[in-house]
Amino acid sequence: MLSILARQSKPGSYAYSGERLVNCFLRPSDGATSGVLLCRGGLTKHVDLGTGGPVRALAKLGGSIYAVSVGTVWKVTGAAVVSVGSVSDGETYIAVNRSQIAIVVGGKYYVCDGSATSEVSTGAVDTPVGVVEADGYMIVFGTGAGLGDLVQVSALDDASTFEADQFAAAEYKADSLVGAIVDHGQLHLFGEETVETFYNSGDVDFPFAPNRAAVIEHGCINGKTIEKADSAVYWVAPDGKVLRNFGGSPEVISTPEIKDALAKSTVTGGFTFSERGHEFYAVTRADGTTFVFDMVTRLWHERVKGLLYGPWAAICRVNLDGTQYFGCDNGVIATMSETVYQDFGNYLQLEFETPLQVNGGELFRVSRIHIDVDSGTGGLGRTPKCMLQVSTDGVNWGRERWRDLADLGQYGKRAAWHGLGQFRRGKIRFRVTDPVKRDVIGGAVRYG
């Protein structure tokens, strides 16, 4: 087991930590000070929609996946892809009833029956913001009559029909609605400042009634960040806090570093997924890495594509027949596997940085670092490599020092670096870019 050199990402904390995990996450052991770092799986193309732009939303219906990308609705059945209509392009919300897909994008509402897509008027809501499904009803929220908190309900099991009087407004506070989700049979409406909860009362005039005892005094920065998993609802607040609501008791799950980074970013959405026995909530940004919260460890890491520190390619997800499919920023719907060590044939780097080490302002010497990696050639045709850099001030990095990783079956081999010099404020960075297995299973730093 690794004597933990890094546990999570703390962006912007270079003055006191600078700890970072990129494309890897901690699998703790039974103790508090040991574990392994598991590399995330690589993305493989399932189908290419050919749009070259982002897959903005995914849903499933009748054994097929429906995707919205660059103004087109696509039906994906196995490897077959067919266009089933056109919509506006932009931030997209999607919901499904028994036989229809409802889509809100660009202030318009569309209904797809599986073979064609049509724009539909939504009654009192003249500019839809989003849509969710509950108990057979399509619930559209948005603006109308000068109000930004209107909710319109469709006919039962009919996403195309809206009665003029089947609408309501937010009850607790008239802040504009930005998103919604249905969880444990209740409708949660997210405003810019509050979250209100409704339940199906069966009323013939308007079927959903407010639960005034379940108001949450936290708003939402972007309705696309609202997701649920592990019996809880997740979202990002306008000030950058990431919240989880479990049983009516919201809690802040972001660290101060994650909150500050999100507050300075353009937050574009969020989605949940699972990998290697862990459940995750990912927050996507237009201008930085994707932050990922691990529901098992309650720790954060970052995901990126290629060798740059921009967003991960995956931006949404749907499950179908036990397989996770990810909508990506390049028009591809992909699968993910721990035995794939590249994204679409391109680099998938693993990187970690240790927290800043100090010795009360006194100099200290690092005589040896070794890191054990569960690796193999993976058909590479040569011995895979790993890289170490050291920083003597916590900000600037020295030269890259490359070593061989263990080949397949070389279980006793470890990468080691000697005589790394004197530090007053020291840290290390470790990276693997070769397309081979690279779970970090051990390591230690020797001082003196």
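The values are calculated or read from the model by the stated rules, or taken from the named source; none is laboratory data. Bear in mind the structure is a predicted one, so any value in this text is a computation, not a measurement. Here the Cβ positions follow ideal geometry from the backbone for every residue, glycine too, while neighbour counts run over all protein chains shown. Surface accessibility is based on the protein's heavy atoms, side chains included, excluding ligands, DNA and RNA. Shrake-Rupley method; radii C 1.70, N 1.55, O 1.52, S 1.80 Å.
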Among all residue pairs at least 6 apart or on different chains, which show Cβ distances below 7 Å where the first residue, located in segment 72-89, is under 17 Å from residue 318 (Cβ atoms) and touching a residue at least 24 places away in the same chain (Cβ under 8 Å) and the second is open to solvent by 60 Å² or more (accessible area, probe 1.4 Å) and assigned to a loop (DSSP other than H, G, I, E, B)? 84/115
Mind telling me which of the residues 369, 428 ends up being more than 17 Å from residue 17 (Cβ to Cβ) and either among the β-branched types (Val, Ile, Thr) or open to solvent by less than 60 Å² (accessible area, probe 1.4 Å) (or both)? 369
Taking only pairs six or more apart or across chains, which ones have beta-carbon atoms under 7 Å, a first residue in segment 335-359 that is farther than 15 Å from residue 431 by Cβ, and a second residue that is part of a strand (DSSP E or B) and open to solvent by 40 Å² or more (accessible area, probe 1.4 Å)? 335/44; 335/46; 335/323; 337/44; 340/44; 344/45; 356/425; 358/425
Across segment 226-261, what is the total count of residues that are outside any loop (DSSP other than H, G, I, E, B), open to solvent by 10 Å² or more (accessible area, probe 1.4 Å) and over 20 Å from residue 317 (Cα atoms)? 11
Are any residues in segment 170-195 farther than 15 Å from residue 129 by Cβ and not in a strand (DSSP E or B), and if so, which ones? 171, 172, 173, 184, 185, 193, 194
Taking segment 112-123 and keeping only residues that are under 19 Å from residue 167 (Cα atoms) and crowded, with 22+ Cβ neighbours inside 10 Å, one is left with 122
Looking at segment 387-402, which of its residues are modelled with pLDDT of 95 or more and in a strand (DSSP E or B)? 387, 388, 389, 401, 402
If you go through 190, 167, 162, the only one that is in contact (Cβ under 8 Å) with a residue 40 or more places away in the chain and touching a helix residue (DSSP H, G or I) at 6+ places or on another chain (Cβ under 7 Å) is 190
Taking segment 55-72 as the search range and keeping residues that are within 20 Å of residue 284 (Cα to Cα) and touching a strand residue (DSSP E or B) at 6+ places or on another chain (Cβ under 6 Å), which one is most open to solvent (accessible area, probe 1.4 Å)? 56
Specify which of the listed residues (167, 198) is open to solvent by less than 20 Å² (accessible area, probe 1.4 Å), among the hydrophobic types (A, V, I, L, M, F, W, C), part of a strand (DSSP E or B) and modelled with pLDDT under 95. 198
Qualifying position, being under 30 Å from residue 56 (Cα atoms), among the hydroxyl-bearing types (Ser, Thr, Tyr) and outside any strand (DSSP E or B), among 377, 335, 383, 339: 339
Enumeration of residues in segment 10-27 that are out of contact with any Leu (no Cβ under 9 Å at 6 or more places or on another chain) and surrounded by fewer than 19 Cβ atoms within 10 Å (Cβ to Cβ): 12
Residues that are surrounded by fewer than 19 Cβ atoms within 10 Å (Cβ to Cβ), at least 1 per element: which strands (runs of 3 or more DSSP E) completely within segment 274-318 meet that? 278-285
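Let's see how each residue does on (1) modelled with pLDDT under 95; (2) more than 29 Å from residue 18 (Cα to Cα):
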residue	(1), (2)
215	yes, yes
220	no, no
228	no, yes
238	no, no
248	yes, yes
253	no, no
258	no, no
262	no, no
